[in-house]
Amino acid sequence: MAAAPRRGAGQGSGSGGGGERRDRRDDRRGGAADKGTAYLERVVTINRVAKVVSGGRRFSFTALVVVGDGNGMVGVGYGKAKEVPAAIAKGVEAAKKSFFKVPRIGGTIPHTVTGEDTAGVVLLKPASPGTGVIAGGPVRAVLECAGVHDVLSRSLGSSNPINVVHATVAALKGLSRPEEIAARRGLPIEHVAPAAMLRARAAAASAPEQTS
């Protein structure tokens, strides 16, 4: 009779641990819909760090998070805490403080650009509508949160997710709007931007009017 309660207790603790693990996995995803916010959140990587002390090892977690509004604003944050959800929350707050604007033409970027950060090198190229985001996981997270829907990319350096994300951010910060280039050269925008880019800009500007 004593064995049955032990089996029941073991099963109960196992199911509770599984529920805790499921909750932790759900927290890693960081979906904006569940939290009711207007921002897109993507957890790129979570790393466990162990510190050896006299009493044993103490564990902490670091989370690299990308946050954006899906309409040209994006930021990257890095959080560290004793638990995964707290690390993600700190990363989200740091990402919101580092928001910057990404120039776009329709759903793609204005021109080809290369971003470098430490050992990471990322090449981004504009693409025609319907191409999609041709990129790996870390680069895709940044581009989707920034609202870039058609782009070609290639990682030319380190495969470390942290380096790749920061290189992607450096590439997006290196983009220039056609108006800025035309102003620097003292030329009209028609002499700087290709005709296809101007047509895409006009179509993107008239799209809200047509839907309304």
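The values are calculated or read from the model by the stated rules, or taken from the named source; none is laboratory data. Owing to the predicted nature of the structure, the values given are computational and were not obtained by experimental measurement. In this analysis, Cβ positions are derived from the backbone assuming ideal geometry, glycine residues included, and neighbour counts consider all displayed protein chains.
Points to keep in mind about this one:
- Qualifying residue in the range 42-61 (condition: exposed (fewer than 13 other Cβ atoms within 10 Å of the Cβ), under 18 Å from the mean Cα position of the chain (by Cα), on the phi < 0 side of the Ramachandran plot and modelled with pLDDT under 90): no
- Selection within the range 34-80 - part of a loop (DSSP other than H, G, I, E, B) and among the hydroxyl-bearing types (S, T, Y): T37, Y39, S54
- Some residue of the range 166-176 being hydroxyl-bearing (S, T, Y) and at pLDDT below 90: yes
- Residue within the range 130-138 that is within 13 Å of the chain's Cα centre (by Cα), farther than 24 Å from R48 by Cα, assigned to a helix (DSSP H, G or I) and among the small types (G, A, S) present: no
- Total residues in the range 95-109, condition over 23 Å from L124 (Cβ atoms) and either in a loop (DSSP other than H, G, I, E, B) or under 13 Å from the mean Cα position of the chain (by Cα) (or both): 1
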